[in-house]
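A quick write-up on the structure given underneath.
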Amino acid sequence: MSTRGTQRSAGPSYQSVIAADLTPPPVSLRVEQFDWPGDTRVDPQRYTSREFAALEATHLWPKVWQMACRLEQIPEVGSFITYEVADVGLIVVRTAADTIKAFHNSCLHRGTTLAEGEGRVGQFRCPFHAWTWNLDGTFRMMAAEWDFGHVDVATMALPEAAVAQWGGFVFVNPDPQAEPFEQYSAPLGEHFVDHPLDDRYLFAHAGRIIEANWKATLEAFLETYHVAATHPHTVRFANDTESQTDTLGPNLTRMLEATGVPIGSLIGKISEREIAEKAQRVLPREFRRAVPENVQARHFLADRLRDGLGSMWGVDLSALSEAELLDTDQYHLFPNFFPWLGVYLPIAYRFRPWGEDPHRSLMEIMVLHPKPTDGRPYETAAFQLLQADQSWCQARGLEQLGMVFDQDTDNLVRVQRGLRFGRQSEVTLGDYLEIRIRHYHRRLDQQLGLH
């Protein structure tokens, strides 16, 4: 049995940090599961080759479950949103109060797309020749029907993709032989059973075109190894190389990083008071407090977030543990969806290729605030698309968080250029800190028939 990936940093483990908390963390965060995926070889051409992108267009996107939208983005009967990636184009529509369907976005006459963007309709009518379908996908009418006597309209229903709902999200899979979403995503549902994302709403939703391959962009969020170099302002309160990485299932991995604990090289060199002072700056000034001399940083910060976020959001956070309030508890569902479990960063990511260019991608951030329980109103945010030269800070709702995401994504232009310039036959990966990247590429190999 291989011992690779078993080495760990000398600093405190994530499990030892949460074991010292005042409020016990949920069972899901006490799970530690490591599976060595093998010495996965990652050729740089995976990120630069049009041939590899074409392989993904054929064997990946038409064959896997992927997040299409939030339920609140299609709130009423007739509400729809289009979802596109590579050669997959779907109309996701609410056909009844409790029914969501996904239709391939192509007229069965001569292929014109039936819908663009999002909106609300009573039917799908082709703008070219007026062929029309009902909301449930059944054929409704065609012009000059006398000229199509050879067409059996009973067989002209719009082709469907599989649809599943989880956590307030709608997932789609174009594969007619798709395995059930619950099986594909396991144990995602089990881990979130006490943290239902159905109880959140879309506070902010932004996408940015990134001048890098979608996989290179995605991988920046599969590890914490970059924290000290990329996010130097966080080193006094966010742990990095002591984070926990879990391979939970064939399609699911996780990363757990403690907040209120400095990076490994600073442990024992800065005081708990300094840690708390730095970390509470994520809150608006009115919710910050003077930090006492003899303080335990995680306990102090948890109290501040319980009060501050609870007041801002109109919810009661008093029962949550330090881990749920403070820590990075980020999951990745293959191939491109990242839900977060806790409330400190209540976000989700999605990554897609941008057109057919392997050097460009679309990264999306969804900020999911808890639905207020004090009766205050809330509304679903509209999507905002940022161009490659814009800052995440320009997106509504990301004014504060945007700086951190800029630090992440500004690296990626250099990553993509370096992958094109390099002459190495494979990228070099760590055995534990970057094991999620190893796991990801092993799964991608399987999906593409390369393993």
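Those residues that are touching a residue at least 60 places away in the same chain (Cβ under 8 Å) and either among the aliphatic types (A, V, I, L, M) or not assigned by TED's automatic domain parsing to the domain that holds LEU433 (or both), I need them from segment 21-42; list them, please.
Once the filter is applied, which keeps residues that are touching a residue at least 60 places away in the same chain (Cβ under 8 Å) and either among the aliphatic types (A, V, I, L, M) or not assigned by TED's automatic domain parsing to the domain that holds LEU433 (or both), segment 21-42 yields LEU22, LEU29, VAL31, VAL42.
I'm trying to understand the selection: among the residues of segment 21-34, which are aliphatic (A, V, I, L, M) and either surrounded by 15 or more Cβ atoms within 10 Å (Cβ to Cβ) or touching a helix residue (DSSP H, G or I) at 6+ places or on another chain (Cβ under 8 Å) (or both)?
Answer for segment 21-34, where residues must be aliphatic (A, V, I, L, M) and either surrounded by 15 or more Cβ atoms within 10 Å (Cβ to Cβ) or touching a helix residue (DSSP H, G or I) at 6+ places or on another chain (Cβ under 8 Å) (or both): LEU22, LEU29, VAL31.
Out of all the residues in segment 66-83, which are more than 12 Å from VAL121 (Cα to Cα) and either touching a residue at least 60 places away in the same chain (Cβ under 8 Å) or over 19 Å from the mean Cα position of the chain (by Cα) (or both)?
Across segment 66-83, the qualifying residues are GLN66, MET67, ALA68, CYS69, ARG70, LEU71, GLU72, GLN73, PRO75, TYR83.
Checking GLN45 against (1) in the same structural domain as PHE300 (by TED's automatic domain parsing); (2) closer than 25 Å to GLY249 by Cβ; (3) without any contact (Cβ under 8 Å) to a residue 60 or more places away in the chain; (4) not aliphatic (A, V, I, L, M), only one condition comes out false. Which one?
Evaluating GLN45 over (1) in the same structural domain as PHE300 (by TED's automatic domain parsing); (2) closer than 25 Å to GLY249 by Cβ; (3) without any contact (Cβ under 8 Å) to a residue 60 or more places away in the chain; (4) not aliphatic (A, V, I, L, M) leaves (2) as the failure.
Let's see how each residue does on (1) over 30 Å from PHE300 (Cα atoms); (2) among the charged types (D, E, K, R):
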{"residue": "ALA10", "(1), (2)": "no, no"}
{"residue": "ALA20", "(1), (2)": "no, no"}
{"residue": "ASP43", "(1), (2)": "yes, yes"}
{"residue": "TRP65", "(1), (2)": "yes, no"}
{"residue": "ARG70", "(1), (2)": "yes, yes"}
{"residue": "ALA86", "(1), (2)": "yes, no"}
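Which pairs have Cβ atoms under 9 Å, sit 6 or more apart or on different chains, and link a residue in segment 281-294 that is in a loop (DSSP other than H, G, I, E, B) to one that is surrounded by 11 or more Cβ atoms within 10 Å (Cβ to Cβ) and among the basic types (Lys, Arg)?
Filtered contacts from segment 281-294: LEU283/ARG304; ARG288/ARG281; ARG288/ARG304; ARG289/ARG304; VAL291/ARG273; PRO292/ARG273; GLU293/ARG273; ASN294/ARG273.
Check whether at least one residue in segment 168-190 is among the aliphatic types (A, V, I, L, M), over 19 Å from THR112 (Cα atoms) and part of a strand (DSSP E or B), and report yes or no.
Yes, some residue in segment 168-190 is among the aliphatic types (A, V, I, L, M), over 19 Å from THR112 (Cα atoms) and part of a strand (DSSP E or B).
Do any residues in segment 51-65 that are under 13 Å from TRP214 (Cα atoms) have Cβ atoms under 7 Å from those of residues that are at pLDDT below 95 and outside any helix (DSSP H, G or I), where the two are at least six apart or on different chains, and which pairs are they?
Hits for this filter: ALA53/GLU356.
If you scan segment 309-348, which residues turn out to be hydroxyl-bearing (Ser, Thr, Tyr) and in contact with a helix residue (DSSP H, G or I) (Cβ under 8 Å, 6 or more places away or on another chain)?
Hits for segment 309-348 are SER311, SER318, SER321, TYR331, TYR344.
The values are calculated or read from the model by the stated rules, or taken from the named source; none is laboratory data. Source: prediction; values computed, not measured. For neighbour counting, all protein chains shown are included, and Cβ atoms are generated from backbone atoms with ideal geometry for every residue, glycine included.
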